[in-house]
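Worksheet: one structure, shown below.
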């Protein structure tokens, strides 16, 4: 173990005259199986990255490298120290946290994932094919076992987490689409695949799609699509750094921004989920934060730095890698489900896949995307459709034209039910 090297490095930093220091170490063991048609590629990685941050008053210097040799640690401290001395002071910089803290979140580590060999990974590939009953001509599966360590002069914190993820190009009907599954534990991974499979059997009948006619439509965004749209159009605007830089449509909390049926939560403490961890990029415990409650904006997401500016408590949403400084990012995002059964909805477009959402302008509320896969549901039939461009005011939709359905689903770090958007403008044929 490298503890002795870290201890010597911290002593060296003190002798150098460093006021405070942070050493972030991440060790990843990754096994990956990639395939395209009948060709398979296996890759194994054992990686250690180190990030050093040196503090001098309101100035900081950063240096990162791979490996964890004693000489490299000392060299990194020297460089970070020189950078800090030459840097301009940041008068908002709060320094480093006085005390690291962990939350009591369970099921972040699964021994089965850490010990998976190539044959077991191939079994997972076959399980996905068996469960979805779809062809997967291209994809990859990764097992990741990560150990994170954070050291400063007087304290240390660490955790061990696993991730099982798969990215698959699923072939359905005349088309194919990319789908990602990801979980901290093997058990939840397979359940997520099963949940997805039940909903997508209709895609096998996606043949000879008709173009969507221009006009006003009621559309149903299925859970994965709803989550991705909300992340882009709303959640990322609730990052405190975006608000403080004037890159958000919002400036203050305790204002009504949506209908009362909309409650949105960020949580870093949900068992099994990839957005969960015991501590964030500042070494502070993760928690649950209500972002929107019954339509009222209640909170922004903070790390230690942005919280200090606003004189509020951090929400545990600091993210970083060994080669970056902490930034604000969502943990797991959950939209509370409503009471509408989508089986009872008719004369609307069920949206299974979208493309082109980069043309949206979130700060102005302009929501734009292309319907790649969809079905128009009537009393008598399901009609495959493709090609209509959704172009509408997202903020007006969530205030006046949104209904929340039953049955949430997890897709990576997003837990959403289907969402009904009414009277939406579509540019079609």
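How many residues does region 2-26 contain that are within 15 Å of residue 157 (Cβ to Cβ) and in contact (Cβ under 8 Å) with a residue 40 or more places away in the chain?
Here the count works out to 8.
Check whether at least one residue in region 238-251 is touching a strand residue (DSSP E or B) at 6+ places or on another chain (Cβ under 7 Å) and without any contact (Cβ under 8 Å) to a residue 60 or more places away in the chain, and report yes or no.
yes
Suppose we filter 376, 404, 426 for residues that are modelled with pLDDT under 95 and either part of a strand (DSSP E or B) or more than 30 Å from residue 50 (Cβ to Cβ) (or both); which single one remains?
Among 376, 404, 426, only 376 is modelled with pLDDT under 95 and either part of a strand (DSSP E or B) or more than 30 Å from residue 50 (Cβ to Cβ) (or both).
Under the condition of being within 19 Å of residue 398 (Cα to Cα) and assigned to a loop (DSSP other than H, G, I, E, B), which residue from region 346-373 is nearest to the chain's Cα centre (by Cα)?
Within region 346-373, the match that is nearest to the chain's Cα centre (by Cα) is 360.
Mind counting the residues in region 188-212 that are assigned to a loop (DSSP other than H, G, I, E, B) and either within 29 Å of the chain's Cα centre (by Cα) or on the phi < 0 side of the Ramachandran plot (or both)?
4
So, restricting to helices (runs of 4 or more DSSP H) that lie completely within region 67-146, which ones have at least 2 residues that are free of Cβ contacts under 8 Å to residues at least 40 places away in the same chain and closer than 29 Å to residue 309 by Cα?
In region 67-146, 70-86 are the helices (runs of 4 or more DSSP H) which contain 2 or more residues that are free of Cβ contacts under 8 Å to residues at least 40 places away in the same chain and closer than 29 Å to residue 309 by Cα.
May I ask you to list the residues in region 1-36 that are farther than 18 Å from residue 65 by Cα and under 29 Å from the mean Cα position of the chain (by Cα)?
If the condition is that a residue be farther than 18 Å from residue 65 by Cα and under 29 Å from the mean Cα position of the chain (by Cα), then 30, 31, 32, 33, 34, 35, 36 are the ones that fit.
Could you please find all residues in region 409-427 being surrounded by fewer than 20 Cβ atoms within 10 Å (Cβ to Cβ) and farther than 18 Å from residue 388 by Cβ?
Selection gives 412 alone.
Any idea how many residues of region 294-344 are at positive phi and surrounded by 17 or more Cβ atoms within 10 Å (Cβ to Cβ)?
Total meeting the criteria: 2.
The values are calculated or read from the model by the stated rules, or taken from the named source; none is laboratory data. None of these values were measured; they are calculated from a predicted model. Here the Cβ is made from the backbone with ideal geometry for all residues, glycine too, and neighbour counts use every protein chain on show.
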